[in-house]
Protein chains: 4
Amino acid sequence: MEKTKLSVALIGSGRAGMIHARNFRSSVPFARIVAVCDVSEENAAAAAKELELETYFTDYHKVLDMDTVDAVIIATPTKYHCEIAVEAAGRGKHILCEKPMAMTVEECNRMDEAARIHGVTLQVAFMRRFDASFVEAKRLIDAGEIGDVVMVRSNTRGPSIPKPWMYDISKSNGPLAEVCSHDIDSLRWFTGADFKTVFAIGGNYRCPDAKKEFPDFYDNVVLNASFTNGCQGLIDGAQGVLYGYDARCEILGTKGCIYLGNTRENSVTLCKSDMQRREEYNNSWRTLFRDAYRAEDIDFVAAVLEERPPRVTAYDGKMAVLTVNAGNLSIREKRIVEIDGDCLR
Amino acid sequence: MEKTKLSVALIGSGRAGMIHARNFRSSVPFARIVAVCDVSEENAAAAAKELELETYFTDYHKVLDMDTVDAVIIATPTKYHCEIAVEAAGRGKHILCEKPMAMTVEECNRMDEAARIHGVTLQVAFMRRFDASFVEAKRLIDAGEIGDVVMVRSNTRGPSIPKPWMYDISKSNGPLAEVCSHDIDSLRWFTGADFKTVFAIGGNYRCPDAKKEFPDFYDNVVLNASFTNGCQGLIDGAQGVLYGYDARCEILGTKGCIYLGNTRENSVTLCKSDMQRREEYNNSWRTLFRDAYRAEDIDFVAAVLEERPPRVTAYDGKMAVLTVNAGNLSIREKRIVEIDGDCLR
Amino acid sequence: MEKTKLSVALIGSGRAGMIHARNFRSSVPFARIVAVCDVSEENAAAAAKELELETYFTDYHKVLDMDTVDAVIIATPTKYHCEIAVEAAGRGKHILCEKPMAMTVEECNRMDEAARIHGVTLQVAFMRRFDASFVEAKRLIDAGEIGDVVMVRSNTRGPSIPKPWMYDISKSNGPLAEVCSHDIDSLRWFTGADFKTVFAIGGNYRCPDAKKEFPDFYDNVVLNASFTNGCQGLIDGAQGVLYGYDARCEILGTKGCIYLGNTRENSVTLCKSDMQRREEYNNSWRTLFRDAYRAEDIDFVAAVLEERPPRVTAYDGKMAVLTVNAGNLSIREKRIVEIDGDCLR
Amino acid sequence: MEKTKLSVALIGSGRAGMIHARNFRSSVPFARIVAVCDVSEENAAAAAKELELETYFTDYHKVLDMDTVDAVIIATPTKYHCEIAVEAAGRGKHILCEKPMAMTVEECNRMDEAARIHGVTLQVAFMRRFDASFVEAKRLIDAGEIGDVVMVRSNTRGPSIPKPWMYDISKSNGPLAEVCSHDIDSLRWFTGADFKTVFAIGGNYRCPDAKKEFPDFYDNVVLNASFTNGCQGLIDGAQGVLYGYDARCEILGTKGCIYLGNTRENSVTLCKSDMQRREEYNNSWRTLFRDAYRAEDIDFVAAVLEERPPRVTAYDGKMAVLTVNAGNLSIREKRIVEIDGDCLR
């Protein structure tokens, strides 16, 4: 690639999408945002205005038609990821695809194949892998500071109340996909292995509206797992927890342990006359991982320009989807699910 | 009971036993230590000397023969608990029994029955229930501060290397019994319910010596569980972790969350020229729960003198043993185990 | 001394006094509490009852008359310390004297002299020197972990509202004596030197009642200091802060820094739906330094029985009084005060 | 001002200057960096390259000659601030001036006057006032959450070894200027008042090279102060502390207290087999206050474009310089210095 500046288009201008777009507008060297697209004209127009772009699109095909676009960020609802990615690859566009990568393993494979055939970069957006603390933890592990990894425990509990479209697990893949995709990826990354068995328990504790029509819906999940290299894993995930965005991870090794996770919104401690000291809980993944998103976007551009593999691959994306599916199957059928290649048993 | 001062004898003068004995010697009002017994004459003699007792015993029957003894603390290896407790009850001695209560549910039932028939108090020593922070957490839960309990997650990781006698899980009940009994009890206490299903995964990561002869031995375990009232639970346990004694617990409710657990040995933070700040990790359960042991002993005496039920009952002891057994069965047979009354399915 | 068990009497059964008395009753090996005295008959009677003593006194001379008393704890208001200590020494009683040692340097010298002449141990009760964290900090300093000490900063802010008897600084010596005596002693201990110059600023921010009649009264003070060995020091002290008992200390060295001080009452963190996490602030010096009092009492007994100097000497007590006086003079005359031997310039 | 985008030039491309320049290049809406100047051609050239500017300057007059430049960032050594600012104002350029504002009060006054006469914005770069945690603390104070402010305590200890040019305090104004300017400004901001009296003690603990030729040089300082509204203040500052960049602040009020300050570089806690847990100490003000610099730059642009006063004024800059001078006088003459208008007594 002879270009020195990558022109990027955003498809899907929701919350995560706009984080990327703002980065590409101002904080990613060697790249710029050149187009934005959203099925909602209102959203698309608002995004274009904020990004100081002269035009916007509601049909992503128009974006793919633009010769000036080198790469696309796919940040639509998950079910459209595959279709858009395959088409983008066919047009020679590099792809940064938001997590979860897709709904099924089969979709992931099609996306991966399309990228390979057309020689474009396909990076899946597990931004925690670019967070400075996660990067440091990985470095410490690789340096042997805690011996061999034995067990990884990770939780993500988000304050957002599940939206009605999430109630149908067969269409949304549920909280395991929406919030725990990150935990799943962290367990794979820190153990250096793939999930082998999964047992998950789900329950609906906060969404009484969903109970009648969607008895399978869960807003809280606990999962334990074994890995192909013999490690152990624990995940718990929740939506609608109200108290803040709580994402922490621990890596237990044979010679030590690493704790990861910042739960404070700022560094103010307020001590009051009720003899309680108060700290504001971290409000959102958007602030907590803001720098990680930027680092991720910068690295995506670098991978494209340097023609090297991305740091999070289609395989990583697929294995997370597979594990989400294994977890959901485990919850539904109340049994241990074994992962064997691309298959669940 | 007309007495105003309880005379207590210690049976088993190991580490936990001596914590109780020292408390009864000096820090428990309305009680005193009057006798000590250990199968090792050396241990018994050393304990008597430290406790300023004139004599000591190596046969616990001699202790039970003493009319002046009102109550016994049973802190022997677990496999002797049942025999001693049943006999002590028959002699009208009140009993504070170290955890785990016994090896099997059947033993627990015999101990409970003996205590009932002879009208003596039988308290199982889950000292965390008397720790000021655990007590405060329970109070906050009961006051509705975090809404309804959804999930409890607890871990105990201890620095001690497993002793060879622990290698045979069928005889030792393994780390689930030795370290996770406390987590199991905390999950029951904080959820206010009993375990319904258990799935556990064990592995031996630190004890290569045991691998050949004791392939079932594990020094690390992850467990997830459902409860009779619909709550979820997660436990992880480890022995030989080297970095310290790490006991923490979280209670996630519909309206908030409680974090529990002190991991610091003292309040010194040392900042050095390598730009690392250092804090000494909590060394041992003995320091961490020292005050909890004292509060437990005080409450045991109060329960006896006030003729009220103890705060930790034989039922609590039995359900912990049952859950340990369920976990070990789950690990061995790699399946989900259901708890139904006193039975495992 | 041939005795192996020290008989101790308490003179002044207020809050600090009773902490010692409870320790001597149950937690101090080789010692026992044998008598209690307080000018308030009600207090003395209550104390005797709690300590299971058959009698009590309202006149301390009666206590000194007891041949069975080996040592006295003086925990009366400061102005009586000298008189009682001198008399006790004359009767051959060892002395553990609460801080501040006395009102003036002259009194301190008389107490010291009496103890020397009569060959009794005189220990001043700066219990922080026996706190496990302070002891560890001192060990780290002495081991050279932070290089040479440059500066020590210490603060004590207490929740108690100043009592009216404190308003007259000439009689009470004010918050510098009541709460900052400890900070002053810590600065001396950690720098390994004596105060050379002191400049303090006081103000009354919380006690409007005192303003008219006692314009010199202060409930908040900031002080900076130089030391005989060239170190620097900072102290801030307050009474009536409402938010808790806040005692922290930092030792800055040429190669590192030590932070000291626990501000939490327990290890519970409560996260609620207002996205605030809450921790109970340490309520009182009584809980924070409970173990330090016990260690102090144990060490006092050891010093007496082993016939070795106490770890906190009359000189330490005197230098703290001198520094308090220097600070109060500085506040009153709004000038830098130099300490030269026992004199203030 | 009719323009909607501000063209900014950097004068002095050292560390702080480049932080601003990078912000203006990419992260400050409604502004762009258009020129860079440094007396070192090498520095200027490197800066231009990084900022993707086609040219660079070594003479700041050339920058002021550019009609396209709307505003300048002055980040040269302090002694050049006045000359450049006065000239820039004369050319109608808005000014963001790094701290300390100047060497003397007289210089500050000249700068302020020039800005007033020529109608340009002059903002002094106390970036802590734009840090999210400091802003939140100020909001809590103003909302009465801690009652009336009583005392503010602030420290800045930096890892950088003092450079030889700092040794001559009469030319460098020393650590009070270099690191404690921020503390001084925080005390003014949080108390809402000006310094009234200052007493400071300085010492040289880490720079033996400087001792002979520059006996007045200090690398550690403690300062206490009274304020025009009766508040109290404490500052300690240090250079070359090795263990990290340690900037913390406490605001004590009549009804509570606020602690401010993050001392961690990331959120990784490493627990190792020596039973120590380690956290990386915050390395530098550049990372700690990175977001604050950006917020400061954004607000500077907003103040210019909206034609409103800057949030940190020339008066704020001057009062910090005056207090630095008071502190240095106090150290040199070992006396309390009173601040009266622009004069020191």
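Would you mind ranking A:D246, A:D168 by Cβ crowding within 10 Å, fewest neighbours first?
A:D168, A:D246
Using Cα pairs closer than 8 Å and at least 6 residues apart in sequence, work out the relative contact order for the stretch C:191-238, in percent.
It rounds to 41 percent for the stretch C:191-238.
What residue in chain C has the Cβ closest to the axis turning C into A, and how close is it in whole Å?
Result for the C and A rotation: C:R278, 3.
Using alpha carbon centroids, what distance separates the stretch B:210-225 and the stretch C:3-41, in Å?
What the calculation gives is 52 Å, centre to centre.
If you take the beta carbon distance between A:R116 and B:D274 as r and set R0 to 56 Å, what does 1/(1 + (r/R0)^6) give as a FRET efficiency, to the nearest 0.05?
Efficiency computed from Cβ-Cβ geometry: 0.80.
With everything on Cα atoms, drop me the angle between helix C:181-191 and the longest principal axis of chain C, reported from 0 to 90° to the nearest 10.
70
Which ordering of C:F227, C:F30, C:F134 is given by a fewest-first count of other beta-carbon atoms within 10 Å?
C:F30, C:F227, C:F134
Considering only DSSP beta bridges where both residues belong to chain B, give the percentage that are antiparallel (nearest 5).
Just about 55 percent of them are antiparallel.
Apply the Karplus parameterisation 6.51 cos²θ - 1.76 cosθ + 1.60, with θ equal to phi minus 60°, to every residue of the stretch D:98-104 and state each ³J(HN,Hα) to the nearest whole Hz, in sequence, with x for glycine and proline.
Listing the rounded values in order: 4, 7, x, 4, 6, 7, 9 Hz.
Largest first and in whole Å, give the semi-axes of the stretch A:7-111's equivalent ellipsoid, each being the square root of 5 times a Cα gyration tensor eigenvalue.
After scaling each eigenvalue by five and taking roots: 21, 14, 13 Å.
Can you give the average number of partner chain beta-carbon atoms within 10 Å of each beta-carbon in peptide B:144-157, as a whole number?
The shielding value for this peptide is 4.
Measuring from label point to label point, each 7 Å out along Cα→Cβ, what is the C:R15 to B:K62 span in nm?
For C:R15 paired with B:K62, the spin-label model returns 5.0 nm.
Can you give the Rg and Dmax of the stretch C:111-184 based on its C-alpha atoms, in angstrom?
Gyration radius and largest Cα-Cα distance of the stretch C:111-184: 16.9, 45 Å.
Count the lysine pairs in the stretch D:26-178 whose Cα atoms lie under 15 Å apart, taking only pairs 8 or more positions apart in sequence or on different chains.
Total qualifying Lys-Lys pairs in the stretch D:26-178 comes to 4.
With θ set to phi - 60° and the Karplus curve 6.51 cos²θ - 1.76 cosθ + 1.60, what are the ³J(HN,Hα) couplings of the stretch C:23-32 in order, to the nearest whole Hz, using x for Gly and Pro?
Once rounded to whole Hz, the list reads 4, 5, 5, 9, 10, 10, x, 6, 8, 8.
Label B:N229 and A:E83 with points 7 Å out from Cα along Cα→Cβ: what is the distance between them in nm?
4.7
Measuring label to label, 7 Å along Cα→Cβ, what does B:S160 give against each other copy in nm, shortest first?
Listed shortest first, these distances are 4.2, 4.7, 5.4 nm.
Relative contact order of chain D, please, whole-number percent, based on alpha carbon pairs below 8 angstrom and at least 6 residues apart.
Reported as a whole number, the value is 20 percent.
Under a no-solvent Debye model with one identical scatterer per Cα of the stretch B:141-289, what's log10 I(q)/I(0) at q = 0.16, 0.17, 0.19 Å⁻¹?
Each listed q corresponds, in turn, to -0.92, -0.99, -1.11.
Taking only Cα atoms, what is the 0 to 90° angle, nearest 10, from helix C:81-90's long axis to the longest principal axis of chain C?
40
For peptide D:220-228, what's the mean number of Cβ atoms from other chains within 10 Å of each residue's Cβ?
So the per-residue partner count for this stretch is 5.
May I ask you to give the average projected area over all directions of the convex hull of the Cα atoms of the stretch D:251-345, in nm² rounded to one decimal?
Mean projected area for the stretch D:251-345: 11.8 nm², to one decimal.
Post the alpha-carbon centroid distance, the stretch D:322-341 to the stretch A:45-116, in whole angstrom.
64
Please enumerate, by chain and number, the aspartates and glutamates with C-alpha under 15 Å from the C-alpha of C:K334, excluding those fewer than 8 residues away in the same chain.
C:D216, D:E338
Which distances in nm, rounded to one decimal and ordered from shortest, link the label point of C:I117 to the equivalent label points in the other identical copies, with labels set 7 Å from Cα toward Cβ?
So the distances to the same position in the other copies read 7.5, 7.9, 10.7 nm.
Measuring from label point to label point, each 7 Å out along Cα→Cβ, what is the D:R335 to C:R345 span in nm?
Going from the D:R335 label point to the C:R345 one covers 1.7 nm.
Can you bin every Cα-Cα distance in chain D into 20 Å intervals starting at zero and give me the percent of pairs per bin, rounded to whole numbers?
It works out to 30, 59, 11, 0, in whole percents.
Which distances, in nm and shortest first, link the D:R308 label point to the same label point in every other copy, taking 7 Å along Cα→Cβ?
With the label placed 7 Å along Cα→Cβ, D:R308 yields 4.6, 6.2, 6.8 nm.
Working from Cα positions, state the angle (0 to 90°, nearest 10) between the long axis of helix B:132-142 and the longest principal axis of chain B.
Result, in degrees: 70.
Along each principal axis of its Cα atoms, how long is the protein assembly as shown end to end? Whole angstroms, biggest number first, please.
Extents along the principal axes: 98, 85, 50 Å.
How would you rank B:V149, C:V241, going from fewest to most other Cβ atoms within 10 Å of each one's own Cβ?
B:V149, C:V241
Please list the non-local residues whose amide H lies under 5 Å from the amide H of D:T313, H modeled 1.01 Å from N, same-chain partners needing a gap of 5 or more.
Amide H neighbours of D:T313: D:V124.
Quick one: 3J(HN,Hα) in Hz for the stretch B:264-275, Karplus 6.51/-1.76/1.60 with θ = phi - 60°, rounded, Gly and Pro as x.
Calculated HN-Hα couplings, in order: 10, 7, 8, 10, 9, 10, 10, 10, 10, 6, 8, 6 Hz.
Read-outs throughout are calculated quantities, based only on the coordinates presented, and are distinct from any laboratory measurement. Computed from a predicted model, the values in this text were never measured in an experiment. No Cβ is skipped: glycine too gets one built from the backbone with ideal geometry, and neighbour counts run over all protein chains shown.
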